[in-house]
Amino acid sequence: MKLTKKNLEERRDRVYDAIVIGGGAGGLSAGIYLQRYRLSSLIIDKGKARSFWMQELHNYLGLPPDTPGRVLLKRGEQHYESVNGDMLNGYVEEVVDEGETFAVRVKVGRQNSIYPTFRAKYIIAASGIIDNLVPLEDMRNVFEYAGYNLHVCMVCDGYEMADKQCGFFAGSEASIEEMVFNLSWFTPYITIFTHGLFEVSEPLRQELREHGYRLVETPIKQFLGENHRMTGVELVDGTEIGLETGLISMGSTYHNTYLKNIPLEMKGGYLITDKMGRTSHPRIFAIGDLKVGLNQVVVAAGDGALAATQIWREIRRDRGPRRWEE
Ligand code: FAD
Ligand code: FAD
């Protein structure tokens with residue numbers, strides 16, 4: 001059932017088997033498995049994050065390689081609804097560990113917001129991350145191209161960048177060290193832009209020179225192009241540099257603030273889990289981009305299946321086998 005401000009009272013006293021925070025690829029997959037295991041679940045999703053932004057899902061078996069993320073989400077939501085899962089559009093502000101249950105406090109509605117609390121035995125954190133973009137004065141100029149031929153994920157879009165003139169938009173010296181030499185697997189025609197945000201050390205400058213990669217430290221004024229196709233950048237000094245594609249590598253924001261009062265093992269902003277997705281808390285699972293692993297749709301969907309299966313095993317064991325009663 002789709003929960004709304006009007007009908008959510010009906011669910012106030014329910015203790016769900018699991019609340020899934022985030023309704024992207026991972027959360028929807030988990031929800032479908034949970035419902036098919038005849039567990040009760042609620043997916044709470046604020047909407048519009050990475051799966052929605054993804055213009056083309058290039059590498060998911062069985063789907064055409066130009067499938068937009070929003071198509072995947074729509075199908076997933078319909079599938080989840082068809083197995084009677086509860087879904088709520090809202091922003092999870094806080095999860096409180098009450099011992100036997102978790103209390104999940106949600107903000108519903110941008111205007112005249114209400115703040116209901118829902119309860120569950122298990123939490124699946126599936127709220128993902130979001131990529132930091134080049135901080136220009138006019139962010140609309142960045143949104144025009146980001147996710148089209150101005151990419152944010154080398155694993156997803158390296159193939160699309162093959163042998164093209166590529167701008168690499170770095171957030172730190174570490175991002176150059178970690179990414180640029182790997183990016184050269186796909187294309188060696190790399191121009192690195194620091195946007196004047198940080199200094200590049202002499203040894204790294206030399207290494208870049210040796211590989212023929214260019215370094216531009218003047219800040220960027222704007223991206224050039226039209227119809228979502230970026231063709232270059234204009235720097236603040238008026239210089240224009242032509243490009244065919246780009247990769248932004250400026251770090252991410254992790255959607256995990258609602259867990260701030262629960263101590264969990266992390267690596268960077270990512271949650272550490274075992275192979276079934278369990279975090280260092282026995283009843284909190286983390287799946288998809290928010291956990292340490294490969295940030296891909298196919299992995300998020302697989303993670304959802306594993307976490308739901310582990311939760312089912314535990315609840316099933318607790319309840320014991322059913323008797324045939326006349
Ligand atoms: P998400 O899809 O990000 O879903 C998380 C959901 O949680 C979002 O809807 C978000 O709004 C919600 N949320 C966050 N915080 C809260 C909160 N506090 N309360 C309630 N809800 C919350 N992967 C591929 O496999 N192939 C590709 O070709 C590909 N291309 C990509 C292109 C782009 C431009 C981008 C940005 C990503 C691409 N990816 C691709 C990566 C892919 O999008 C992610 O790996 C995938 O979406 C991860 O799924 P997820 O469920 O973990 O997170
Ligand atoms: P497979 O799909 O089995 O592929 C292995 C391939 O290797 C086969 O084509 C085989 O012929 C080939 N092969 C084997 N040995 C050799 C050799 N020596 N040389 C060359 N080739 C070889 N899973 C779900 O997620 N959801 C479902 O609803 C679902 N329903 C199912 C219903 C049925 C009837 C069955 C049988 C399975 C179902 N599964 C379902 C499970 C799913 O089919 C498997 O998990 C999945 O196919 C595993 O993929 P795989 O690539 O590991 O193996």
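The values are calculated or read from the model by the stated rules, or taken from the named source; none is laboratory data. Remember, it's a predicted structure, so these values are computed and weren't measured experimentally. No Cβ is skipped: glycine too gets one built from the backbone with ideal geometry, and neighbour counts run over all protein chains shown.
Taking segment 1-57 as the range and being hydroxyl-bearing (Ser, Thr, Tyr) and assigned to a loop (DSSP other than H, G, I, E, B) as the test, the residues that pass are 4, 37, 40.
Conditions tested, residue by residue: (1) among the acidic types (Asp, Glu); (2) touching a helix residue (DSSP H, G or I) at 6+ places or on another chain (Cβ under 6 Å).
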{"residue": "120", "(1), (2)": "no, no"}
{"residue": "130", "(1), (2)": "no, no"}
{"residue": "136", "(1), (2)": "no, yes"}
{"residue": "142", "(1), (2)": "no, no"}
{"residue": "147", "(1), (2)": "no, yes"}
{"residue": "155", "(1), (2)": "no, no"}
{"residue": "159", "(1), (2)": "no, no"}
{"residue": "163", "(1), (2)": "yes, no"}
{"residue": "166", "(1), (2)": "no, no"}
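Scan segment 244-261 and give yes if some residue there is away from ligand 1 (no atom under 16 Å from the Cβ), surrounded by 15 or more Cβ atoms within 10 Å (Cβ to Cβ) and closer than 30 Å to residue 217 by Cβ, otherwise no.
So the first thing to find is which residues in segment 244-261 are away from ligand 1 (no atom under 16 Å from the Cβ), and the list is 244.
Pick out the ones that are also surrounded by 15 or more Cβ atoms within 10 Å (Cβ to Cβ) and you get 244.
When the remaining residues are screened for being closer than 30 Å to residue 217 by Cβ, the result is 244.
The answer is yes; a qualifying residue exists.
Selection over segment 139-161 of residues that are in a helix (DSSP H, G or I) and either more than 21 Å from residue 296 (Cα to Cα) or small (Gly, Ala, Ser) (or both) gives a count of 5. Contact map, segment 290-302: residues that are more than 6 Å from ligand 1 (Cβ to nearest atom) paired with residues that are of a type in the set (Ser, Thr, Tyr) and part of a helix (DSSP H, G or I), Cβ distance under 6 Å, separation 6+ or inter-chain. Pairs shown: 301/29. Strands (runs of 3 or more DSSP E) fully within segment 243-326 that include at least 2 residues being in contact with a helix residue (DSSP H, G or I) (Cβ under 9 Å, 6 or more places away or on another chain) and under 30 Å from residue 115 (Cα atoms): 252-254, 284-286.
When 23, 31, 47 are screened for being closer than 18 Å to residue 120 by Cβ and near ligand 1 (Cβ under 6 Å from one of its atoms), only 23 passes.
Pairs linking a residue in segment 161-176 that is at positive phi to a residue that is surrounded by 15 or more Cβ atoms within 10 Å (Cβ to Cβ), with Cβ atoms under 8 Å and 6 or more positions apart or on different chains, are 163/186; 163/187; 163/189.
In this structure, does residue 239 turn out to be modelled with pLDDT of 95 or more and more than 16 Å from ligand 1 (Cβ to nearest atom)? Against the criterion (modelled with pLDDT of 95 or more and more than 16 Å from ligand 1 (Cβ to nearest atom)), residue 239 qualifies.
Filter segment 1-20 down to the residues that are more than 13 Å from ligand 1 (Cβ to nearest atom) and within 16 Å of residue 286 (Cβ to Cβ) and list them by number. Matches in segment 1-20: 18 only.
So that you can scan it fast, the table gives a plain yes or no per residue for (1) more than 18 Å from residue 262 (Cα to Cα); (2) of a type in the set (Val, Ile, Thr); (3) surrounded by 16 or more Cβ atoms within 10 Å (Cβ to Cβ); (4) out of contact with any Ser or Thr (no Cβ under 8 Å at 6 or more places or on another chain):
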position	(1), (2), (3), (4)
97	no, no, yes, yes
104	no, yes, yes, no
110	yes, no, no, yes
117	no, yes, no, yes
125	no, no, yes, no
131	yes, no, yes, no
144	yes, no, yes, yes
155	yes, yes, no, yes
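Scan segment 59-71 and report the pairs whose first residue is assigned to a helix (DSSP H, G or I) and whose second residue is surrounded by 14 or more Cβ atoms within 10 Å (Cβ to Cβ) and among the polar types (S, T, N, Q), with Cβ atoms within less than 7 Å and a gap of 6+ or a chain change. From segment 59-71, the pairs are 69/51.
Residue-by-condition table, conditions (1) crowded, with 19+ Cβ neighbours inside 10 Å; (2) assigned to a loop (DSSP other than H, G, I, E, B); (3) over 29 Å from the mean Cα position of the chain (by Cα):
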site	(1), (2), (3)
163	no, yes, no
179	no, no, no
186	yes, yes, no
198	no, yes, no
205	no, no, yes
218	no, yes, yes
221	no, no, no
224	no, no, no
231	no, no, no
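Of the residues 159, 148, 122, 115, which is within 14 Å of ligand 1 (Cβ to nearest atom), of a type in the set (Phe, Trp, Tyr) and under 24 Å from residue 28 (Cα atoms)? Explain how you work it out, then say what you get.
Working: 159 fails: under 24 Å from residue 28 (Cα atoms); 148 fails: under 24 Å from residue 28 (Cα atoms); 122 fails: within 14 Å of ligand 1 (Cβ to nearest atom).
Being within 14 Å of ligand 1 (Cβ to nearest atom), of a type in the set (Phe, Trp, Tyr) and under 24 Å from residue 28 (Cα atoms) holds for just one of 159, 148, 122, 115, which is 115.
Quick one: is residue 196 in contact with a Ser or Thr (Cβ under 9 Å, 6 or more places away or on another chain) and modelled with pLDDT under 95?
Values: in contact with a Ser or Thr (Cβ under 9 Å, 6 or more places away or on another chain): yes; modelled with pLDDT under 95: no.
The answer is no for residue 196.
Determine whether residue 41 is surrounded by fewer than 22 Cβ atoms within 10 Å (Cβ to Cβ), more than 10 Å from ligand 1 (Cβ to nearest atom) and farther than 15 Å from residue 298 by Cβ.
Working: surrounded by fewer than 22 Cβ atoms within 10 Å (Cβ to Cβ): no; more than 10 Å from ligand 1 (Cβ to nearest atom): yes; farther than 15 Å from residue 298 by Cβ: yes.
So residue 41 fails the test.
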